[in-house]
1. What list of ³J(HN,Hα) couplings, whole Hz, do you get for the stretch 200-214 from phi and the Karplus terms 6.51, -1.76, 1.60, once you set θ to phi - 60° and write x for glycine and proline?
2. Among 37, 195, 72, which one moves the most in a GNM of the chain with springs linking Cα atoms closer than 10 Å?
3. Around residue 169, what is the net charge, scoring Lys/Arg as +1 and Asp/Glu as -1 over all other residues with Cβ under 13 Å from its Cβ?
4. So what's the convex hull volume per residue for the Cα atoms of the stretch 125-175, in Å³?
5. Sorting check: for 155-164, 54-63, which peptide has the highest mean count of neighbouring beta carbons within 10 Å, and how do the rest follow?
6. Please list the equivalent ellipsoid semi-axes of the chain, computed as the square roots of five times the alpha-carbon gyration tensor eigenvalues, in descending order and whole angstrom.
7. Would you order 89, 26 from fewest to most other beta-carbon atoms within 10 Å of each residue's own beta-carbon?
8. Quick check: the angle from helix 123-135's long axis to the longest principal axis of the chain, C-alpha only, nearest 10 degrees?
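No lab work stands behind these numbers, since they all come straight from the coordinates. Bear in mind the structure is a predicted one, so any value in this text is a computation, not a measurement. Ideal geometry is used to build each Cβ from the backbone, glycine not excepted, and the neighbour counts take in all protein chains shown.
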Amino acid sequence: MARNPNGGNKRGANKVPPEPRVIRLIMELRRLGVHDQRVLGAIEKVPRENYVAPQFQDRAYDNIPLPIGMGQTISQPLIVALMTQELEIGDRMRVLEIGTGSGYQAAVLSHLCRRVYSIERHAQLLQEAERCFKEMDIHNITSMAGDGSKGWPQQAPFDRIIVTAASTKVPDALAEQLVEGGIMVVPVGRKGFDQELVRVTRSADGIETKTLYPVRFVPLIAG
Ligand code: SAH
């Protein structure tokens, strides 16, 4: 299906106007507290429909989480946007993501930084995500299958780290892979309830944590 309603119009051919459902989502995110224009721009650029299963296509731009197989979920766009905003990402930065899942969050990050490193424990999900990155012509994501709870020592340190699965405590191993001045966001808590998003900042003096707001993520499974 041609997505450009002005398909025949050569003027600005590379600038396809966003679909109404994308505009609606962006407006909702703005209303709910996403004010960073770069983050909203990145969300606008990533076709979420490519990262959800065919049976959920008509809900791809609803502000809800959706199943992606293997009992995992693609996060709610609001949470993707808020967590990304919290990271204050600069365009020269290297960002580590734990929990590639559908690849949607990584794709959003890829528009904001120099390189995204992403780790997923389900090889099958990772394969599908990598297929999407290729199809979308995204070339600054390096991904691997494995246990992300130990980070990616060979590629460390990172300017930013985002964990998209809930850890029972702030993961020290990951905090240690931040540069000085680096920021990590991580959901902390038990499966299904009492989870809160925590922002971790690393300085010369050590690690500082700040609890932000309640969230709900699938668990980070170590090993
Ligand atoms: N960021 C994803 C959402 C992922 S859901 C997206 O945008 O779609 C959380 C993901 O974390 C799941 O795919 C799960 O398999 C993965 N995960 C859980 N524990 C992990 C671990 N220790 N290492 C790597 N990935 C893990």
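1. Karplus values, whole Hz, x for Gly and Pro: 10, 10, 9, 10, 4, 7, x, 10, 10, 10, 9, 7, 9, 7, x.
2. Among 37, 195, 72, the largest mean-square fluctuation in the Gaussian network model of the chain belongs to 37.
3. Charge balance in the 13 Å sphere: -2.
4. 101 Å³
5. The densest-packed peptide leads the list: 155-164, 54-63.
6. 29, 18, 18
7. Going from sparsest to densest Cβ surroundings: 26, 89.
8. Rounded to the nearest ten degrees, it is 40.
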